[in-house]
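Please read the structure below before turning to the comments.
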Amino acid sequence: MAEEQKEIKKEEPKKKGFFGNLKEHAEDKEEQLMILSTFVRLGILIWSGAILTLAYVELPEALKIPKQDLDPTFIASVFTGVLATFGVTTSKRGAQGGANGGVSKGDMEKLIAAASQTAPAQTIRIEQAPMQIATAVPPQKDK
């Protein structure tokens, strides 16, 4: 009977931790790093959200935690930055006009048309970066 229990214990698979499960489900190293980075970003998002919430919420006195006076600007920028890595953008609606806080395509076309009639100018759109525009000193001619 004792031998049967030993055999049963040998057959039970070893419990794997977080990293063991990660290696099992994601075979590629890049995929493992991508999953790990997502969990790190989620951790930072939860941490910054909690700190930001504590900056605006008054805790009950029964908890005996003194009120912390902190400037939430840095934490809010971390929170917004991590949200941006997940593709979530924040904007104030109606603050700058337009539905999403920006200038609509029709408004931009009207502005360009009005500007082209007031002063002759050429608009250059550069889509490749980085680019440096600087003045250069002309070479001096030998006398």
Consider ALA95 against the criteria (1) modelled with pLDDT of 70 or more; (2) of a type in the set (A, V, I, L, M, F, W, C); (3) part of a loop (DSSP other than H, G, I, E, B): it satisfies all of them except one. Which criterion is unmet? (1)
Being on the phi < 0 side of the Ramachandran plot, assigned to a loop (DSSP other than H, G, I, E, B) and among the charged types (D, E, K, R) is the filter here, so list the residues in segment 32-65 that pass it. GLU58
All-but-one check, PRO130 against (1) at pLDDT 75 or above; (2) surrounded by 10 or more Cβ atoms within 10 Å (Cβ to Cβ), failing number (2)
Does THR118 meet the test of being of a type in the set (Ser, Thr, Tyr), at negative phi, modelled with pLDDT of 70 or more and loosely packed, with under 10 Cβ neighbours inside 10 Å? yes
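The values are calculated or read from the model by the stated rules, or taken from the named source; none is laboratory data. Since the model is a prediction, treat every value here as computed from it, not as a measurement. Using ideal geometry, Cβ is built from the backbone for each residue, glycine included, and neighbour counts are taken over all protein chains shown.
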